[in-house]
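What follows is calculated from the coordinates using simple rules that are stated; it is not laboratory data. These numbers come from a predicted model, not from an experiment. In this analysis, Cβ positions are derived from the backbone assuming ideal geometry, glycine residues included, and neighbour counts consider all displayed protein chains.
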Amino acid sequence: MISKTYAPQEIEDKWYSYWIENKFFQSKPNPDKEPYTIVIPPPNVTGVLHMGHMLNNTIQDILIRKARMEGKEACWVPGTDHASIATEAKVVAMLKERGINKRDLTRDEFLEYCWEWTHKYGGIILKQLRKLGASCDWDRTRFTMEPDLYDSVIDVFIDLYNKGEIYRGHRMVNWDPQARTTVSDEEVIMKEVNQKLVYLRYPLVGEDGEGRMEEGVTIATTRPETIMADVAICVNPADERYQHLIGKKVLIPLINRAIPIIADDYVEMEFGTGCLKVTPAHDTNDYELGKRHNLPIIDLLNEDGTLNDKAQILVGEERFVARKKIIKLLEESGNLVKVEEYRSNVGHSERTDSVIEPRLSEQWFLRMEKISKPAFDNVMNDTVQLIPAKFKNTYRHWMENVRDWNISRQLWWGHRIPAYYLNDGTMIVAKSKREALRKAQHEYQLFALTEEDITQDPDVLDTWFSSWLWPISVFNGIKEPDNEEVNYYYPTNDLVTAPEILFFWVARMIIAGYEYRGQYPFKNVYLTGIVRDKQGRKMSKSLGNSPDPIDLIEKYGADSIRTGMLFSSQAGNDLPYDEKLIEQGRNFGNKIWNAFRLVKGWTVDSELPVPEGSKLAVQWFESKLNQTLAEVQDHFSKFRISDALNSVYKLIWDDFCAQYLEMIKPGFEQPIDLSTYDSTLDFFDRQMRLLHPFMPFISEEIWQNIIERGEKESICIAHFPQAAEFDQSLLNDFDILFELVSSIRNLRNSKGISPKTALPLAIRTDSNERYNALTPLIEKLANVEGISYVSGEAEGTSFRVKSDEFFVNLADELDVEAERENLLRELEYTKGFLDSVMKKLSNERFVANAKGDIVEKERAKQADAEAKIATLTEALARLK
C-alpha cells in the first residue's frame, strides 16, 4: 500500500542503507567494462557541508549514477584533504580552550593533538554527503596524510629536486601573520578596503647634519608604521621639482635616521607627491627597487605581525595598533602634513582573512616554466576541455604568466619537507633521516656522523602539493606506477569543481598528470558557479547568509535540494540561491508521488478493449518520451546538466502528468483497460530510470513499487533509458491538439460556461484527417460534441490554431445581450487605442526622429489593433 503523502525522511535512510549493504557503489577493475571515474575534490578535513558542496557533489553524483546505469564501471573516489593552515588554526583554537599554547609543545606533541582532532571531526563532511545521496565507493576513501599518499608526496619532492626543478631561495613572499606561514599568490584574495592615506614630511639634512623641515620632502603612504624600515626616498629623475635634491639625505621622522634621496624611472611623477618611501623588506616593488640600487634591508616585523627591536619605537605593538599610534606621534612631532580617506585593494589570506604582509624569507620553490608547458598546450588545444570554454582565457592568462610555486609552509601539520641539514649547513634531500645519514657518510665521507648531528627542515609542504597528485595517488600511481588500478581508472573522466581553484588545484593536477603519467588526469573539467544569496553575496557562515544543508535535507528531503540547486545552475554561472527553488523541487516530488498513487489506484479490467483515444495517447507519449531522451542525452554530452533536468521536469510534470494521464484516465469509478495500464506503468518505469540520477530516492521508491522486485535489485543498476525513433508529425499534431483544447477551456472560463457543458465545434481546415484521428481526445479533453467541418464561416465564437479556424457555438449557453455589451466595450477601447497610435504615426517629426525599432513597434501595435477590430466586428455580426 502506497502512503498518501510522500515523506522523504521515511525512505531516504532506508534506501541509502540498502545501496550500501548491497555494495552497489563499489567498483573494481573490470576489463569487460568501460571505466568511468571521478575523483572528489577533497574537502578540508576541518570542513562541514556547505551549499557549494551541495551543488558540486550533486552534479558529480548525477554523472556517476548515469554512468553506472549505462553499464560502465563507475568509480567515484571520496576523500579529504589535511588542510594545513585550516587544521592548525582549529587545533590551536582547541588548545587555547584547554589553556595550552602551541609554542609550549614539541612538534610531536602538537601533531598528536592534530591527529586527535582529525579522528574526532575529520569524517563529518563525508557522513553528511551520504545524506545528500552521494554514491561514492566509500571503501576507497582516502586522506592526504595517510601513509601511502604521504610517501607519494615525499617521493615527488625528491624526484623534482633531483631533476633540478625544486630549489631553495631567499625571496619576497606573501606572509600570513595569523597563521604565521607563507601563502602562494593564488591564496591571496584582493579586497577593496577603506584606509587612511597619510602625508608626512621628511626633513632635509643640512651641511650641519641637522634636519630642516622647511626644505624636506613630503611622501604619502597607507603604511606609516613601516617608516622606521625606510632605507631611501626615491623620485623620478625627470621630475624638475626634486632634481636638486637627488643625492642629498633626509631624516626619517621620529627616529631621525638619515636616508638618501635616489632617482629611478619606476616612480610616477603624477602619483601622490611624486616621492616614494623605499622599504625593501615590506613591499615587493620596493624590494626590486632596492636590489637595483644596492639598498640595505630592514625587517621590522615579527612572524605574528608585531613590531620588533629594529623598529626602535612601538616595539611589540601589533602592526595595525602601531599604525594608529604612529599617526598620533607624527602629529605631535610636527611631521604630519594631512590624512585623507583612501580606498584601495589589499591582499588578504584566503585561509585566515588576515591582511598579507610582503616578507623576505627563505623558502622552497618549484620551477614552473618548463613543467607547466604540457598542461598549457593541452588545455589550449582542447585535449582537456574546460566547461564552459570561457575559462580558457583565464587559464591562458595565468599559465602564460606563471611564476615559480612557493611550496613551503611554516607549519607543523602536513608533509614535512625531506631536507636535512648537517651542523656545517650542508643540505641533503632524502626520504628519511637514516637515508640522509647514509648519503652524508658515502657522499661526504663523514663516517663519524650520527643521526643526532642531522636536523630536518622544520617546514611542511603546501597542501596543494599533495592534492595536485590526487587523481594519481588515490590509485597509488606514484608509488606503484604500473599497478592494475591506476592503469584501469586513470585518466579519470570528468572533474567537477569551482572556478576559484582553477589554478590552485586544476592546473596543477594537469601539470602533475603529464609529468608523472605522460597523460592528462581527466578529460573534462566542469566548472560550477558560486552559490550566492539574493543580494549577490557569496554564501558564507561568517556573513550568516548560508542555510545549513543538513537542516534543509531534514526539512525538504535530499531529492528536493538536489533539484532545487540545479534548476537555475548553468555551468560556470553563479547560482542565485532561493529557497523557493527547493520548494519547487519538493513540489515536483509530490507531483510524481501523487501521479503514481493515482495510477496504482485504478481498477484494471483485462477484458476491456483499448479506447481509440488511449491508443493515440500511448503512441504520442512514446514519441514524446523518446524525443526527450534524445534531448537529455544531447544536454549531457554538452554538460548542460541543468538543461537536462529541466527537460526531465517538463516531460514528467507537463507531458505525462498534465497531458497523458488526463487523456487515458478512466471515468469516475470506472476501470482502465490492461494494455493502457501496462503501457502507463512502463512509462513510469522509464521515467523513473531517467529521473534517478537527479532524484535517486523517490525514483527508487517508486521503481520498487511499480512491480514486485527481487532481492538485490535496484534502480541504481537498472539500465538508463535510451532514445528510439519518434514520430515528429504525431508530436506536431498533438501540439495543435493541446493548443485547441487550451483555447476552448479559456473560452469557457472567460464566458463562465461550466466545463461539464458539452459544446458543438466546427472546424475549417485542409487537414480533416488530422482532426478525425484526434476526435476522441478533442471530445474528451475539451468536452465538445458533434464535431463538424465547414468550408466557410460558421455560427459561434472563432479562434485560430496554426492555419486552421475553429468555431464554438455558445448561443445556447451565452447571455447574448451581455456578450454584445462586452464586445462593444472592447471594440470601443480598441478603436481608441488605434486612434492614439495613428496620431503618433501621422506625426512626421516622430517618424523622422524616433529610433527605427520604436517606429516599428508602433506600426506593429497598429496592425494588432486593426486585426482585433476586425475580429470583434465579426463576432458582433455573428451574435445577430
Cross-link pairs beyond the 19 Å C-alpha cut-off, checked among K392/K523; K163/K392; K4/K624: K163/K392; K4/K624
Per its Cα gyration tensor (rounded if a/c is under 1.5, else prolate when a/b beats b/c, else oblate), the stretch 593-747 is best filed as oblate
Alpha-carbon Debye profile of the stretch 833-878, log10 I(q)/I(0) at 0.21, 0.28 Å⁻¹: -0.68, -0.96
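Using only the alpha carbon atoms of the stretch 227-293, find the Kirkwood hydrodynamic radius as the inverse mean reciprocal pair distance, in angstroms to one decimal. Walk me through the intermediate numbers first.
Values: mean 1/r = 0.0834 Å⁻¹.
About 12.0 Å, per the Kirkwood formula over Cα pairs.
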Could you work out how far apart the two model spin labels at T383 and E341 are, taking each label as a point 7 Å from the Cα in the direction of the beta carbon, and quote it in nm? 5.5
Can you give the convex hull volume of the alpha carbon atoms of the stretch 484-627 per residue, in Å³? 222
log₁₀ of I(q)/I(0) at q = 0.16, 0.19, 0.24, 0.27 Å⁻¹ - the stretch 668-745, Debye sum with one point per alpha carbon: -0.84, -0.97, -1.07, -1.15
Principal axis extents for the chain, Cα atoms only, whole Å, descending order, please. 116, 79, 51
Can you find, among W398, L422, S333, the residue farthest towards the positive end of the dipole of the chain? Put +1 on the C-beta of Lys and Arg, -1 on that of Asp and Glu. S333
Just going by the charge dipole of the chain, with Lys and Arg at +1 and Asp and Glu at -1 on Cβ, which of L55, Y488, S623 is farthest out on the positive end? L55
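Give me S3, S767 sorted ascending by neighbouring Cβ count inside 10 Å, so fewest comes first. The partial results should precede the final answer.
On the way: S3 11, S767 14.
With the fewest neighbours first, S3, S767 line up as S3, S767.
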Please work out the Cα center distance from the stretch 562-588 to the stretch 670-729, rounded to the nearest Å. 25
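Once the cut-off is 21 Å, how many percent of the Cα-Cα pairs in the stretch 119-191 end up in the long-distance tail?
Everything past 21 Å amounts to 60 percent.
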Per the Kirkwood formula on distinct C-alpha pairs, the Rh of the stretch 333-389 is how many angstrom? 17.1
Can you compute the radius of gyration and Dmax for the stretch 285-433, using only the Cα atoms, both in Å? 22.0, 65
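Report the calculated FRET efficiency for E270 and M213 (r = Cβ-Cβ distance, R0 = 25 Å), to the nearest 0.05. If you can, show how the numbers build up before the last one.
Details: r = 25 Å, r/R0 = 1.01.
According to the calculation, E is roughly 0.50.
Tell me, in nm to one decimal, what length is gained between T450 and N768 on full extension, where the rule is 0.36 nm per residue of separation less the Cα-Cα distance? Could the numbers behind the result be given before it?
Details: separation 318, 0.36 × 318 = 114.48 nm, distance 10.17 nm.
Using 0.36 nm per residue and subtracting the Cα-Cα distance, I get 104.3 nm.
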As computed over the stretch 273-318, the Cα convex hull volume per residue (Å³): 99
Give the long-range amide H neighbours of E805: residues separated by 5 or more places, or on another chain, with amide H under 5 Å away, using H modelled in the peptide plane at 1.01 Å from N. R764
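Which value, to two decimals, describes the C-alpha radius of gyration of the stretch 125-249 once divided by 2.2 N^0.38 Å?
Ratio of Cα Rg to 2.2 N^0.38 Å: 1.96.
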Report the label-to-label distance for A658 and F738 in nanometres (one decimal), using points 7 Å from each Cα along the Cα→Cβ vector. 0.7
On full extension of the chain, what length is gained from K840 through R103, given 0.36 nm per residue of separation minus the C-alpha to C-alpha distance? 257.1 nm
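When the helix-only estimate is applied to the chain (DSSP H runs of n ≥ 4, each -39,500 (n - 2.57), divided by the residue count), what is the mean residue ellipticity at 222 nm, nearest 500 deg cm²/dmol?
Details: 28 runs with 370 residues, N = 880.
Computed ellipticity for the chain at 222 nm equals -13500 deg cm²/dmol.
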Please report, for the Cα atoms of the stretch 424-481, the Rg to one decimal and the Dmax as a whole number; what are they, in angstrom? 15.4, 44
log₁₀ of I(q)/I(0) at q = 0.15, 0.16, 0.17, 0.19 Å⁻¹ - the stretch 555-671, Debye sum with one point per alpha carbon: -0.79, -0.86, -0.93, -1.06
Based on the Cβ-Cβ distance from E669 to R825, what FRET efficiency comes out when R0 is 35 Å, to the nearest 0.05? 0.20
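If the only charges are +1 at each Lys and Arg Cβ and -1 at each Asp and Glu Cβ, what is the size of the charge dipole of the stretch 13-82 around the Cα centre, to the nearest 20 debye? Could you put the intermediate results ahead of the total?
Working: 8 positive and 8 negative charges, 27 e Å.
Value, rounded to 20: 120 debye.
Could you compute how fast the stretch 462-515 diffuses translationally, taking Rh as the Kirkwood radius over C-alpha pairs and applying Stokes-Einstein at 4 °C with viscosity 1.567 mPa s? Give it in µm² per second.
Diffusion coefficient, whole number: 112 µm²/s.
What FRET efficiency comes out for Y18 versus D634 if R0 is 25 angstrom and r is the Cβ-Cβ distance? Round to the nearest 0.05. Before the final figure, lay out the partial values.
Working: r = 33 Å, r/R0 = 1.30.
After rounding to 0.05, the efficiency reads 0.15.
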Starting from the 7 Å offset along Cα-to-Cβ, what nm value, one decimal, do you get for the label separation of S432 and N746? 8.1
Provide the net charge surrounding D13, with neighbours chosen by a C-beta distance below 14 Å and charges set as Lys +1, Arg +1, Asp -1, Glu -1. -3
Report the residues of the stretch 746-777 in range of a label on S791: point 7 Å along Cα→C-beta, backbone N strictly under 13 Å from it. 765-766
Just the Cα atoms of the stretch 181-357: what Rg and Dmax do they give in Å? 16.1, 52
Partners for K324 among aspartates and glutamates (Cα-Cα distance below 16 Å; same-chain residues under 8 apart left out): E225, E332, E340, E341
